[in-house]
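Engineer: One structure, pasted below without further comment.
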Amino acid sequence: MKRRIVLVVFAASLLAVSLAGAEEIAGLPLHSEKIGDGAIRVWIGDHVSSTSIVAFATEKGIVVVDTFGVPKIDAELRKVIARELGRDDFAFLINTHEHADHTGGNSVYSDCTIVGHELIADGLIEIAERRDRLLEWYPGRIADLEEELQGLETDDPKAAVIEEDLIYNRLVFEAVKAGRKLVPPALTFSDRLTLDLGDTTFELSYIGGMHTASDVAIFVPEHGLLLTGDTMADVWLTDRPGCLAAFMVRDGLIHDFPRWLANWDLLLAEKERIATLVPGHWNGELSVAGAEARVEYVRTLWNGIHEGFEAGKGLAEIQAEYQLDVRFPELVESPGFTPQQNYASITELWKEITGQPSAARTLYTLLDEGADEAAIQEVLTNNGSPGYFFSEAEINAYGYIFLQQEKVDNAIRMFKINVELYPESWNVYDSLGEALLSAGHTDDAVTMYEKSIVLNPENTHGKEVLAGIQGDETT
Ligand SMILES: [Zn+2]
């Protein structure tokens, strides 16, 4: 399969008539690639995972897909598109999804009809609400990158990567500070929309629910192109694929998996007419087989969890049955698949299918609010309907969140709950030992580490901690 992707890229670069040369925008190298007759893809950067903007010359004007996200850069890129296509009759801008690195330059196309899924508007409101947090976050991020860069020799290949990251983050920070206007699409749809622009057709399909609530795919049959936004990629061209690394079922996103599966099936049924899939960032690629494998992955989980739940299985049993290396060995090496992401996806699908809320999350909230023991016990006795689901890993994770927040008592309580629920698990004792140690309860910590090592003699980390404590005591 890899060979085929290479051929596609090679064919595409043969078509590229050296459009941009050594041109730069804001210090980032400009790339422009011809991907069809009257169709181009432009982006800036050699390392940073920036958005790739696709533009089509059609009978009824230029159609642009997505923006870089920083208006002053998008104004420059708009000029590049006009120059490369030899015209400037911009008519439509389509957003593949709500993320600001795709929509943040919409204001530059306010003379065009902006098209996108109906949920983009809500997504943009949320992004606007996060502005204060971003204003706080970026200076720290920029300072970290500056420090990292200073620590590197100029000829270190990593320096070029950090330098681009720095430029990129400064650009976005500047745009957020300046109050970048987030313009929602004016022409929206729920499931499907076709734009007939004479010689070119744009078939938009809703496929949201994984990357964002508002993801769409755009099929352009005359060019044999399927634009897939940030939904998935099976080849990463850099080790920082950004948004393209995020193929998993997410908490807090609007989900409709039967619809997600049906829409992907409809798209992939057109595979004979699809020559190239184009992800939303330049540093990822997607093959038909890669897309099919990902759709089948979601289908397997969706159906398997339904069947397992109906058969009376619990989440832990399902997690064991659908471990990445057990159930999907062919995906273990595939970009975007990690055991953690798989675990999280299964948990989210479980919640969706069973309607059960997470005990871990509820306990975390209760403890954080200082709720009394009766409230905790009510969750632990699980008398509600449909009742909570319990996940050892999730309770453990929330314990560590408390620990990070330096709420050690809550961390200890959380880990103790795990010990009560999963007394056969070595890891719950190890975690409790860690929390007890940080609270200064050394003797109790030692007991927990010892218990953990009895259950798992391979727990070398636990042995090291114990040796450390005993070393301290003898000095
Ligand atoms: Zn994205």
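The values are calculated or read from the model by the stated rules, or taken from the named source; none is laboratory data. This one's a predicted model, so the numbers in the text were calculated from it and none came from an experiment. FYI the Cβ positions are ideal-geometry reconstructions off the backbone, even for glycines, and counts take in every protein chain you see. Side chains are part of the model used for accessible areas, which takes the heavy atoms of the whole protein and leaves out ligands, DNA and RNA. Shrake-Rupley method; radii C 1.70, N 1.55, O 1.52, S 1.80 Å.
Engineer: Rounded to the nearest 0.05, what FRET efficiency do Ala159 and Arg192 give with R0 = 56 Å and r taken as the Cβ-Cβ distance? Could you check?
Structural biologist: The calculated FRET efficiency here is 0.75.
Engineer: May I pose another question? With just the Cα atoms defining each centre, how far is segment 400-447 from segment 114-130? Give it in Å.
Structural biologist: 41
Engineer: Measure off 7 Å from each Cα along the Cα-to-Cβ vector at Glu378 and Leu421, then give the distance between these two points in nanometres to one decimal.
Structural biologist: Simple spin-label model gives 1.8 nm for this pair.
Engineer: For Asp132 and His461, what does the FRET efficiency come to when R0 = 35 Å and r is the distance between their Cβ atoms, rounded to the nearest 0.05?
Structural biologist: Given R0 = 35 Å and the Cβ-Cβ separation, E is 0.35.
Engineer: Ordering Trp426, Trp302 by accessible area with a probe of 1.4 Å, largest first, what comes out?
Structural biologist: In descending accessible area the options line up as Trp426, Trp302.
Engineer: Then there's this: I need the Kirkwood Rh of segment 69-223: take the reciprocal of the average 1/r across all distinct C-alpha pairs and report it in angstrom.
Structural biologist: Computed over segment 69-223, the radius equals 17.4 Å.
Engineer: Can you give the calculated 222 nm mean residue ellipticity of the chain, where each DSSP H run of n ≥ 4 adds -39,500 (n - 2.57) and the sum is split over every residue, rounded to the nearest 500 deg cm²/dmol?
Structural biologist: Roughly -15500 deg cm²/dmol at 222 nm, from the helical runs in the chain.
Engineer: Quick one: what do you get for segment 203-312 if you divide its Cα Rg by 2.2 N^0.38 Å?
Structural biologist: That ratio works out to 1.08.
Engineer: Once the Cα gyration tensor of segment 132-263 is diagonalised, what are the square roots of 5 times its eigenvalues, in whole Å and ordered largest first, as equivalent ellipsoid semi-axes?
Structural biologist: 35, 19, 17
Engineer: Output the 0 to 90 degree angle, nearest 10, between the alpha-carbon long axis of helix 288-310 and the longest principal axis computed from the alpha carbons of the chain.
Structural biologist: The answer is roughly 40 degrees.
Engineer: Right, something else. Can I get the semi-axes of the chain's equivalent ellipsoid? Compute them from the C-alpha gyration tensor as square roots of 5 times the eigenvalues, in angstrom, largest first.
Structural biologist: One finds semi-axes of 45, 27, 21 Å for the chain.
Engineer: Past 23 Å, Cα to Cα: identify those pairs from Lys34/Lys177; Lys72/Lys181; Lys416/Lys451, in the order given.
Structural biologist: In this structure, Lys34/Lys177 lie more than 23 Å apart at Cα.
Engineer: When a/c reaches 1.5 or more, the comparison of a/b and b/c decides; with that in mind, is segment 15-144 rounded, prolate or oblate per its Cα gyration tensor?
Structural biologist: Because a/c hits 1.5 or more and a/b fails to exceed b/c, segment 15-144 counts as oblate.
Engineer: Bin all alpha-carbon pair distances of segment 290-362 at 5 Å intervals from 0 and give each bin's fraction as a whole percent.
Structural biologist: 3, 15, 29, 26, 15, 8, 3, 0
Engineer: Also, I was wondering about something else. Which of rounded, prolate or oblate describes segment 356-397 when judged by the alpha-carbon gyration tensor and an a/c cut-off of 1.5?
Structural biologist: Since a/c reaches 1.5 but b/c is at least a/b, the shape of segment 356-397 is classed as oblate.
Engineer: Which angle from 0 to 90°, rounded to the nearest 10, does the C-alpha axis of helix 408-421 make with the longest principal axis of the chain?
Structural biologist: Helix 408-421 sits roughly 80 degrees off the main axis of the chain.
Engineer: Report, to two decimal places, the Cα Rg of segment 64-130 normalised by 2.2 N^0.38 Å (N = number of residues).
Structural biologist: Taking the Cα Rg and dividing by 2.2 N^0.38 Å, one obtains 1.10.
Engineer: Taking 7 Å along the Cα-to-C-beta vector as the label spot, tell me the Leu268-Ser438 distance in nanometres, rounded to one decimal.
Structural biologist: In this crude label model, Leu268 to Ser438 measures out at 4.2 nm.
Engineer: What is the spread of the Cα atoms of segment 121-190 along each of their three principal axes, largest first, in whole Å?
Structural biologist: 50, 24, 18
Engineer: Now, a different point. With a 1.4 Å probe and all protein chains left in place, how much accessible area per residue does the chain have, in Å²?
Structural biologist: On a per-residue basis, 45 Å².
Engineer: Within segment 191-304, what whole-number % of the accessible surface is contributed by carbon and sulfur, with the 1.4 Å probe and all protein chains included in the calculation?
Structural biologist: Looking at segment 191-304 in its full context, I get 53 percent from C and S.
Engineer: Let's test this: bin the Cα-Cα distances of segment 193-264 at 5 Å from zero up to the farthest pair and state each bin's percent.
Structural biologist: With a bin width of 5 Å, the distribution comes to 3, 15, 22, 21, 17, 13, 6, 2, 0.
Engineer: With θ set to phi - 60°, apply the Karplus curve 6.51 cos²θ - 1.76 cosθ + 1.60 along segment 237-249 and write out the HN-Hα couplings as whole Hz, x wherever there is a Gly or Pro.
Structural biologist: With coefficients 6.51, -1.76 and 1.60, one gets 8, 10, 7, 10, x, x, 3, 6, 8, 9, 7, 7, 7 Hz.
Engineer: Rounded, prolate or oblate: pick one for segment 339-475, where a ≥ b ≥ c are the square roots of the eigenvalues of its C-alpha gyration tensor, a/c under 1.5 means rounded, and failing that, prolate if a/b is larger than b/c, else oblate.
Structural biologist: Prolate.
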